[in-house]
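Peer 1: Shown below is the structure under consideration.
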Amino acid sequence: MIVLGLTGSIGMGKSTTAKMFAEAGVPVHDSDEAVHRLYSGVAAPLVEAAFPGTTVAGVVDRAKLSARVLGDAAALKRLEAIIHPLVRADADAFLARHRTGGESIAVLDIPLLFETGGRGRVDKVVVVTAPAEIQRQRVLARPGMTEEKLAAILAKQVPDEEKRRLADFVVDTGQGLDAARARVDAIIAELIA
């Protein structure tokens, strides 16, 4: 089974591209969805122990947690030390299920694949990209997003140009959904061949 890492900077259309892989029949593990699941399950007591008062009824309250770790590098590292191994174990279980099921390709949707050293976990990397102005428009349309927040997020991410250089495949979502879907289909066809 080929493990495909799907990544891209904020606002590039990674979630939409992940859905295209899923619609084409490729199993997709979504790291963000896994975090949501873990926050209402096994991670909740661990997060509460590290950051008292951040859970409500046994579920991590993302707003409370964010207020505790935002701008505090040490707190963020503590949180990542709890969450990253759980997400990785969840992804490993996902891959094991699909290997056993005989899938030829599976996708790990990893937002910070390059930033977290995740390249070694996958066979090939797909980077989702779009022109900087489209990215900016998409991100600034999100509730609560500001130019300052966007700049801070981008400063922590490997630049798009570098990601594209490191990629095995690139999907440009700036050319519209049909072009992106055609590219996804071409990637799948190439990998199956």
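Peer 1: Against the 2.2 N^0.38 Å scaling, with N counting residues, where does segment 79-154 land? I'd like the Cα-based Rg ratio to two decimal places.
Peer 2: Details: Rg = 16.1 Å, N = 76, 2.2 N^0.38 = 11.4 Å.
Relative to the rule-of-thumb radius for its length, segment 79-154 sits at 1.41.
Peer 1: Could you tell me the number of lysine pairs in the chain with C-alpha atoms less than 25 Å from each other, where the two lysines are 8 or more residues apart or belong to different chains?
Peer 2: The number of close lysine pairs in the chain is 16.
Peer 1: Taking H as built 1.01 Å from N, whose amide H comes closer than 5 Å to the amide H of VAL28, not counting residues under 5 places away?
Peer 2: Sorted by chain and number, the residues that satisfy this are VAL107.
Peer 1: Another question, if that's okay. For helix 73-100, report the angle its Cα long axis makes with the longest principal axis of the Cα atoms of the chain; keep it between 0 and 90° and round to the nearest 10°.
Peer 2: Long axis of 73-100 versus the principal axis of the chain: about 40 degrees.
Peer 1: Once the piece of chain linking ARG142 and MET1 is laid out straight, how much longer is it, given 0.36 nm per residue of separation minus the C-alpha distance between them?
Peer 2: Numbers: separation 141, 0.36 × 141 = 50.76 nm, distance 3.61 nm.
Extra length available between ARG142 and MET1 comes to 47.1 nm.
Peer 1: Something else: Taking Cα atoms, how many degrees apart are the long axis of helix 147-156 and the longest axis of the chain, rounded to 10 and kept between 0 and 90?
Peer 2: Roughly 70 degrees between the two axes.
Peer 1: Provide the per-residue ³J(HN,Hα) series for segment 13-23, in order, calculated from phi with Karplus coefficients 6.51, -1.76, 1.60 and θ = phi - 60°, each as a whole number of Hz, with x at glycine and proline positions.
Peer 2: The phi angles translate into x, 5, 4, 5, 5, 4, 4, 5, 4, 4, 5 Hz.
Peer 1: Here is a follow-up. Just add up the charged neighbours of THR129: K/R +1, D/E -1, any other residue whose Cβ is under 14 Å from the Cβ of THR129.
Peer 2: Charge balance in the 14 Å sphere: +1.
Peer 1: Run the numbers on segment 80-193 and let me know its relative contact order in percent, using alpha-carbon pairs under 8 Å that are six or more apart. Walk me through the numbers before you get to the answer.
Peer 2: Numbers: 64 pairs, mean separation 33.6, N = 114.
29 percent.
Peer 1: How big is D, in µm² s⁻¹, for segment 31-78 by Stokes-Einstein at 20 °C and 1.002 mPa s if Rh is the Kirkwood radius over C-alpha pairs?
Peer 2: In µm²/s, the coefficient is 200.
Peer 1: Moving on to the next point. Using the Cα gyration tensor of segment 136-193, with a ≥ b ≥ c the square roots of its eigenvalues, what is the shape: rounded (a/c below 1.5), prolate (a/b larger than b/c) or oblate (neither)?
Peer 2: Taking the square roots of the gyration eigenvalues as a ≥ b ≥ c, segment 136-193 is oblate.
Peer 1: Here's something else I'd like to know. Counting each pair of different Cα atoms once, what's the Kirkwood radius of the chain in Å, rounded to one decimal?
Peer 2: With all distinct Cα pairs of the chain included, I get 17.7 Å.
Peer 1: Let me ask something additional. Compute, for GLU80, the solvent-accessible surface of its heavy atoms (probe 1.4 Å) with the complete set of protein chains present, and express it in square angstrom to the nearest 10.
Peer 2: 70 Å²
Peer 1: What is the distance, in nm, between label points placed 7 Å from the Cα along the Cα-to-Cβ direction at ALA75 and at VAL170?
Peer 2: Label at ALA75, label at VAL170, 3.9 nm between them.
Peer 1: Further question on the same structure: May I ask what percent, to the nearest 5, of DSSP beta bridges between residues of the chain are antiparallel?
Peer 2: Restricted to the chain, the bridges split so that about 10 percent are antiparallel.
Peer 1: Long-range amide H contacts for ASP61: which residues qualify at under 5 Å (H placed 1.01 Å from N, peptide plane, sequence gap of 5 or more or a different chain)?
Peer 2: THR55, VAL56
Peer 1: What does the charge add up to near VAL26, with Lys and Arg as +1, Asp and Glu as -1, over the other residues with Cβ less than 12 Å from its Cβ?
Peer 2: Residues close to VAL26 contribute a combined charge of -3.
Peer 1: For the chain, calculate the relative contact order in percent as a whole number, restricting contacts to Cα pairs under 8 Å that are 6 or more residues apart.
Peer 2: Working: 251 pairs, mean separation 71.2, N = 193.
Here the relative contact order equals 37 percent.
Peer 1: Sort ILE105, ILE2 from largest to smallest accessible area, using a 1.4 Å probe on the heavy atoms of the protein chains.
Peer 2: ILE2, ILE105
Peer 1: Starting from the residue with the highest accessible area, list ARG119, ARG142 in decreasing order, probe 1.4 Å.
Peer 2: Values: ARG119 80, ARG142 105 Å².
Heavy-atom accessible area, descending, gives ARG142, ARG119.
Peer 1: Continuing with this model, one more query. May I ask you to rank MET12, MET1 by accessible area, largest first, using a 1.4 Å probe over the protein chains only?
Peer 2: If we order MET12, MET1 from most to least accessible, we get MET1, MET12.
Peer 1: Then there's this: 5 Å is the cut-off here: which amide hydrogens, built 1.01 Å from N in the peptide plane, fall below it relative to VAL158, excluding neighbours closer than 5 in sequence?
Peer 2: GLU115
Peer 1: Also, I was wondering about something else. If each DSSP helix of 4+ residues adds -39,500 (n - 2.57) and the sum is divided by the residues in the chain, what number results at 222 nm, nearest 500 deg cm²/dmol?
Peer 2: Calculated from helices alone, the mean residue ellipticity at 222 nm is -17000 deg cm²/dmol.
The values are calculated or read from the model by the stated rules, or taken from the named source; none is laboratory data. Predicted model, so just to flag it, every value in this text is computed and none were measured. Here Cβ is always computed from backbone atoms with ideal geometry, including for glycine, and neighbour counts include all displayed protein chains. Keep in mind that these areas ignore ligands, DNA and RNA; they rest on the heavy atoms of the full protein, side chains included. Shrake-Rupley method; radii C 1.70, N 1.55, O 1.52, S 1.80 Å.
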